[in-house]
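The structure under discussion appears below in the form of structure tokens.
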Amino acid sequence: MLQQGLQESNKLRKFSIKDYWKTYQNILGLLGVLLLLIIVFSVIAPNFLTTSNFIDVLRQMSMISIIAIGMTMVIITAEIDLSVGSLVAASSAVLGFLAISMNFNIWIAMILTILLGGVSGYSIGFLRNRYGIPTFITSLGWLSVWRGIAYLITGGFPLSPFPEGFSFLGSGFIGPIPFVVILMIFLYIIFYYVLVKTPFGRNVYAVGSNIKAAQLSGVPVAKVKTAVFVITGMLAALAGIILSSRLMSGNPTVANGWELDVIAAVIVGGTSLAGGRGSIIGTFLGALFIAVLSNGMVLLGVSPYLQLVVKGSIIVFAVILNAVQIYGIKGMQKDIE
């Protein structure tokens, strides 16, 4: 009995609200702000607090959110990928070209399109590892290349029609829930497990925290960095396929500016631009926060231009908050002095 009592006492001492808050302050803080935003919109925006509207919010955020899963791992390794928006457009165009213009089976066309996304990610990781070219530069180049390829192979016009059953991927429902929302949640669960419970996930954090220490510890840094870019490219291609399914066409004009929305979801979710810190749950909440904000402003009839200002301001605020957490209130100026 005495031993059992000591064990219970030790458990109580180990649990500390202060430590719990310190560990999860980003997620808890974002969750609190998100709940406050939902309460405010529920009061002032007509039709906001309805089941159908919440399902619509989840469906609207699904494709951005799926890409953000991969981008979270990229940014945790202290890298960036600016090509994902154009890669979505190119994936849609390539899928249309293969399935409609070349009469490929739709499943084979989908597999080849996802492989294309993987090749795009591999090229960014390869050039970073082999020649040290910053991924900001490489992915910026791919941003232009993929958009150009999308226009070249489609002639600038949507390609259609796809097989009728293909629409289920982007527009189908399982019960009252859109299939794409179920797919998004499934991917979040899978990659949460990968990032938290597997050696690969620990290596991703190790590379972003201290690359020299990771190398000395035997972490295959180059392989880890390449892998996160390949995963992100494949998820972007998957988003392009889902978008094609929703539109029932291979369209080169879609996903303009998506790379900013994806990065915004990751940063708002608390992932550090300096690397080494971030979470899949935080990214989900970040994507949900931006989707709820956009939905509420649309319901209130806010000007699209003002919506851009508000969303941009939130991104800037999140980046500043991120920098303050890293460098403190005085910022980098204290190092210059």
Exercise. Tell me the Kirkwood hydrodynamic radius of the chain in angstroms, computed as one over the mean inverse distance between distinct C-alpha pairs.
Key: 21.4 Å
Quiz item: Taking N as the number of residues in the stretch 204-289, what is its alpha-carbon radius of gyration divided by 2.2 N^0.38 Å?
Solution: 1.33
Self-check item: Overall dimensions of the stretch 224-337 as given by Cα atoms, namely Rg and Dmax in Å
Solution: 17.0, 58
Practice problem: Quick one: which residues, 5 or more positions from Phe173 or on another chain, have an amide H under 5 Å from its amide H? H modelled 1.01 Å from N in the peptide plane, none for Pro or chain starts. | Solution: Phe179
Quiz item: Once the Cα atoms of the stretch 135-192 are picked out, what are the Rg and Dmax in Å?
Solution: 16.9, 44
Quiz prompt | CD proxy at 222 nm, helix term only [per DSSP H run n ≥ 4: -39500 (n - 2.57); per residue of the chain; nearest 500] | solution = -25000 deg cm²/dmol
Quiz item: Nearest 20 debye, what's the magnitude of the dipole of the chain about its Cα centre given +1 on Lys and Arg Cβ and -1 on Asp and Glu Cβ?
Solution: 880 debye
Quiz item: Dividing the convex hull volume of the alpha carbon atoms of the stretch 193-251 by its residue count, what do you get in Å³ per residue?
Solution: 88 Å³
Exercise. Quick one: dipole size for the stretch 251-337, taken about the Cα centre, charges +1 on Lys/Arg Cβ and -1 on Asp/Glu Cβ, in debye to the nearest 20.
Key: 140 debye
Quiz item: Just from the alpha-carbon atoms, what are the Rg and Dmax of the stretch 105-155 in angstroms?
Solution: 13.1, 39
Practice problem: Write down, largest first, the equivalent ellipsoid semi-axes of the stretch 21-100 in whole Å, where each equals the square root of 5 times an eigenvalue of the alpha-carbon gyration tensor. | Solution: 31, 23, 8
Practice problem: Take the Cα pairs of the stretch 260-302, get the Kirkwood Rh, then feed it into Stokes-Einstein at 25 °C and 0.890 mPa s and tell me D in µm²/s. | Solution: 228 µm²/s
Quiz prompt | Computed P(r) (all Cα pairs; the stretch 42-141; 10 Å bins; percent) | solution = 13, 32, 27, 19, 8, 1
Exercise. Would you check the chain for Lys pairs whose C-alpha atoms are within less than 20 Å, ignoring same-chain pairs closer than 8 in sequence, and give me the count?
Key: 6
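Each reported figure results from applying straightforward, stated rules to the coordinates on display, with no laboratory input. Note that the coordinates shown come from a computational prediction; the quantities given were computed from them, not determined experimentally. In this analysis, Cβ positions are derived from the backbone assuming ideal geometry, glycine residues included, and neighbour counts consider all displayed protein chains.
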